[in-house]
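Written below as structure tokens is the structure these notes are about.
The values are calculated or read from the model by the stated rules, or taken from the named source; none is laboratory data. Quick caveat: nothing in here was measured; it's all calculated off a predicted structure. No Cβ is skipped: glycine too gets one built from the backbone with ideal geometry, and neighbour counts run over all protein chains shown. What goes into the accessible areas is simple: the full protein's heavy atoms, side chains included, and nothing from ligands, DNA or RNA. Shrake-Rupley method; radii C 1.70, N 1.55, O 1.52, S 1.80 Å.
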Amino acid sequence: MGEVFVIVEHRLGEIRDITLEMLWKAGELGQGLSYKVTAVIIGHEVKSIAETISDRADKIIILDDERLKNFNADISKEIIAGLIEESRPTLTLIGNTSWGMELAPCLAVRAGLPLATDCIDIMIKDDKPTAQRQMYGGKIFSNVSFTPSAGYLLTIRSGVFPKDKIGDRQAQIVQKDLPPKDIPMRKDFIEFAETAAGDVDITQAELLISVGRGVGEEGNIPLIRELAEALNGLLSCSRPIVDKNWLPKYLQVGTSGKSVTPKVYIAVGISGAFQHLAGITGAGTVIAINKDPKAPIFRTADYGIIEDLFKIVPVLKEKVLEAKKG
Amino acid sequence: MDIVVCVKRVPLTEEVDLIVDEQKKGIKKEQLAFVLNDWDNYAIEEAIVLKEKHGGTVTAVTVGTEDDEEVLRRSLAMGADRAIRIEAGDMSRFDSLGVSRILCRVVKDLPFDLVFTGVLADDDYYGMVGMMMAEELGINHANMVTAIEIEDGKARTTSELEGGLSEVSLIELPALLTIQTGINEPRYVSILGIRKAAKKELKVMDLADLGLPDEELSPRTIIEEVFLPPETEGAQILTGDPDKIASDFVEILTRKGVME
């Protein structure tokens, strides 16, 4: 019987959604192929995390140690490499998160296993996985396979699988000790730092008008701001705008910024990278304005306007002002 | 502070229709413009900023063809001291591990305190060459770095996590850092600047001379097929002249209750 390892990601005592999503996918593969689902929790005082997922895995391996309080990719890598050697799981799933993106490539080299990152689906045939991924900003999809190996590593994109429980499992808990081997601590955790709060909170907005790379230059931002003001909505933005320092970080929507839940989200000149889309899954209605008809944003938006934003935004603003007057 | 920065030339694909090639293993690139990968642009800038502060050297390295020297020249024009291109022929025969091994073979003979790569490359989106190099080189690492301070021979790094949260760490050098966009404001490079930088050293090394055994470079991750995104229902497109589109726009907003 095959086995799927799910490396549990948790932070500040809370399990992260990506873990539940990976457990769903592992559970789904398990149902079809009678794979065993094993969750691996590395940390300190993680009992409550184990309880959260005890009906989603067949086995939970826990490494609980004061020294594992903060995530450290090197130590996790050594521990997981050891567990893989012991159990030889067919698949090991890791979140394609900031931590997972550090851990997985190191683990692949250390354990000598092939890796595909940022997978959005997994197909299995004859105990060999094929992973589906995206390239070129989501404009191209690819199916990736591997040369035969004792096991395979996959990192999973956040938000592509449900967080729900699938099937009925009862986990057997296995406590393990930190290997006696001296693992060098060459990286010291100092602190977590949070983005400075601003004068507005985009997570509370009912209407967001969001600006992206398509705006071209900083001097064009007022054009979008004026539309936001006409609509009594808040201005927000995608990552490239913050990278260029055109707007502050607290206005950024997406994985590394805020997740927002407005009634209506208007994306202006935003192509729709998945990191951005991840921040608007809770939006009611999405209206996208972009001159590129192949922009991925049109795949998820409810309404689209395929126009040059410089031409259409002033017209939209006038029409809004007119309607408000009338 | 000697810093090696690994860079990549990638096609610009925004606002372009991409066409899958006949073998369905990649896209047609003949009509595409190429640039320095955005993340690598920030990485080069960060290396130069650190050099200006602490002294030392910046070396830009790429694996690729003669065309790829364009991004090395740009790196030199930004302020890198020298550049190395590893000629490896057809790049599609390597996976990320292969590329990281080629880079490591060259980097480990260079003096370095820091090695930078971008977090990702804008083409394949794997984002694994950097951390594979860290493991192959056996050095410390930090991912998605958005700030670096050098203090007492250590690097204080800020790594971006999710949801606006960051993690500050202190790591011993040498170390490999993957650089996130937004860490700095990359300087402008003029055509004249690139021309002037032509005097700087750009060394070409041949993969065959590096003594890497074939089995270390044979891919374990293989692209079976690439294809255009599966059709989805997609957005309902508002059509007509701008005035009609604007009326429809207002009508939708009114219906959704955000036009009071």
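Per the Debye formula on identical point scatterers at the alpha carbon atoms of segment A:134-278, with no solvent, log10 I(q)/I(0) at q = 0.08, 0.13 Å⁻¹ is -0.40, -0.82. Close amide H contacts of A:I122 (hydrogens built in the peptide plane, cut-off under 5 Å, sequence separation of 5 or more or a different chain): A:Q132. Amide H contacts under 5 Å for A:G279: A:G254, A:T255, restricted to partners 5 or more places along the chain or on a different chain, H placed in the peptide plane at 1.01 Å from N.
Once you've got the Cα coordinates, tell me which of A:K244/A:K294; A:K258/B:K8; A:K77/A:K244; A:K25/B:K154; A:K139/A:K249 are over 32 Å apart. Please list the in-between numbers first.
Numbers: A:K244/A:K294 25 Å; A:K258/B:K8 30 Å; A:K77/A:K244 35 Å; A:K25/B:K154 41 Å; A:K139/A:K249 27 Å.
Correct reply: A:K77/A:K244; A:K25/B:K154.
The residues of chain A expose, per residue, 40 Å² of accessible area to a 1.4 Å probe. Using θ = phi - 60° in the Karplus curve 6.51 cos²θ - 1.76 cosθ + 1.60, the 3J(HN,Hα) couplings for segment A:207-223 round to 9, 10, 10, 10, 10, x, 3, x, 6, x, 9, 4, x, 8, 4, x, 4 Hz; x is entered for Gly and Pro.
The residues neighbouring A:K77, those whose beta-carbon lies less than 10 Å from its own, together hold a net charge of -3 under the Lys/Arg +1, Asp/Glu -1 convention. What you get for the protein assembly as shown, charging only the Cβ of Lys and Arg (+1) and of Asp and Glu (-1), is a dipole of about 340 debye around the Cα centre. Pairs of Cα atoms nearer than 8 Å and 6+ residues apart set the relative contact order; for segment A:202-325 it is 25 percent. Each residue of segment A:254-270 was assigned a 3J(HN,Hα) from its phi angle through the Karplus curve 6.51 cos²θ - 1.76 cosθ + 1.60 (θ = phi - 60°); the sequence is x, 3, 8, x, 9, 8, 10, 9, x, 5, 10, 10, 10, 9, 10, x, 10 Hz, with glycine and proline shown as x. Seen from a random direction on average, the alpha-carbon convex hull of segment A:202-325 projects onto 6.6 square nanometres. Of the residues A:V315, A:V286, A:V260, the one that moves most in a GNM of chain A with alpha-carbon contacts below 10 Å is A:V315.
Using only the alpha-carbon atoms, how far is helix B:96-107 inclined from the longest principal axis of chain B? Give it as 0 to 90 degrees, nearest 10. Between helix and principal axis, roughly 40 degrees. Classify segment B:2-217 as rounded, prolate or oblate from the Cα gyration tensor: take a ≥ b ≥ c as the square roots of its eigenvalues, call it rounded if a/c is under 1.5, otherwise prolate when a/b beats b/c and oblate if not. It is rounded, given that a/c, with a ≥ b ≥ c, falls under 1.5.
To the nearest ten degrees, helix A:98-111 and the longest principal axis of the Cα atoms of chain A are 40 degrees apart.
For every helix of n ≥ 4 consecutive DSSP H residues, a contribution of -39,500 (n - 2.57) applies; sum these over chain A, divide by its total residues, and give [θ] at 222 nm rounded to the nearest 500 deg cm²/dmol. Don't skip to the end; give the middle numbers.
Values: 9 runs with 92 residues, N = 326.
Dividing the helical sum by the residues of chain A leaves -8500 deg cm²/dmol.
The alpha carbon centroids of segment A:251-326 and segment A:142-218 are separated by 25 Å. Placing +1 on the Cβ of every Lys and Arg and -1 on the Cβ of every Asp and Glu, with no other charges, gives chain A a dipole of roughly 740 debye about its Cα centre.
Reducing segment A:10-57 and segment B:209-253 to their Cα centroids gives an inter-centroid distance of 31 Å. GNM on chain A, alpha-carbon springs under 10 angstrom: the most fluctuating residue among A:I305, A:I41, A:I266 is A:I305.
Carbon and sulfur: what percent of the protein assembly as shown's accessible surface (1.4 Å probe)?
Numbers: 11630 of 24480 Å².
Carbon plus sulfur share of accessible area: 48 percent.
In segment B:4-20, burial by the other protein chains removes 20 Å² or more of 1.4 Å probe accessible surface, compared with the chain on its own, from B:T13, B:E14, B:E15, B:D17, B:L18. Chain A contacts chain B over a buried accessible area of about 7800 Å², both sides summed; the probe is 1.4 Å and only protein chains count. When only Cα pairs below 8 angstrom with a gap of at least 6 residues are kept, chain B shows a relative contact order of 23 percent.
Look at the alpha carbon pairs under 8 Å that are at least 6 residues apart: their mean separation over the length of chain A gives a relative contact order of 14 percent. Taking amide H as placed 1.01 Å from N in the peptide plane, the amide H of B:H141 sits under 5 Å from that of B:L176, each at least 5 places away or on another chain. Phi angles of segment B:127-134 translate, via the Karplus equation with coefficients 6.51, -1.76, 1.60 and θ = phi - 60°, into HN-Hα couplings of x, 10, 4, x, 5, 5, 4, 4 Hz per residue; Gly and Pro are given as x.
So how much slack lies between B:K244 and B:A33, counting 0.36 nm per residue of separation and subtracting their Cα-Cα distance, in nm? List each step's numbers first, then the result.
Details: separation 211, 0.36 × 211 = 75.96 nm, distance 3.56 nm.
Taking B:K244 through B:A33 to full extension adds about 72.4 nm, to one decimal.
Here segment A:210-287 is assigned +1 on the Cβ of each Lys and Arg and -1 on the Cβ of each Asp and Glu. Its dipole about the Cα centre then comes out at about 240 debye.
Let's test the formula: R0 of 22 Å, r as the Cβ-Cβ distance of A:A197 and A:K263. What FRET efficiency results, to the nearest 0.05?
So the FRET efficiency works out to roughly 0.45.
Going from the isolated chain to the complete set of protein chains, segment B:99-130 loses at least 30 Å² of heavy-atom accessible area (1.4 Å probe) at B:D123, B:D124, B:Y125, B:Y126, B:M128.
Annotation for B:D90 and A:L321: the two label points, set 7 Å from Cα along the Cα-Cβ direction, are 6.0 nm apart.
Taking a ≥ b ≥ c as the square roots of the eigenvalues of the alpha carbon gyration tensor, the protein assembly as shown is oblate, as a/c is not under 1.5 and a/b does not beat b/c. Can you tell me the 0 to 90 degree angle between the C-alpha axis of helix B:69-78 and the longest principal axis of chain B, rounded to 10? Here the helix axis deviates by roughly 80 degrees. Residues of segment A:136-174 whose accessible area, computed with a 1.4 Å probe over protein heavy atoms, drops by at least 20 Å² once all protein chains are present relative to their chain alone are A:Y136, A:G137, A:K139, A:I140, A:F141, A:S142, A:N143, A:V144, A:S145, A:T147.
Positive end of the dipole of segment A:77-133 (Cβ unit charges, origin at the Cα centre): among A:S98, A:Q132, A:G82, the Cα lying farthest that way belongs to A:Q132.
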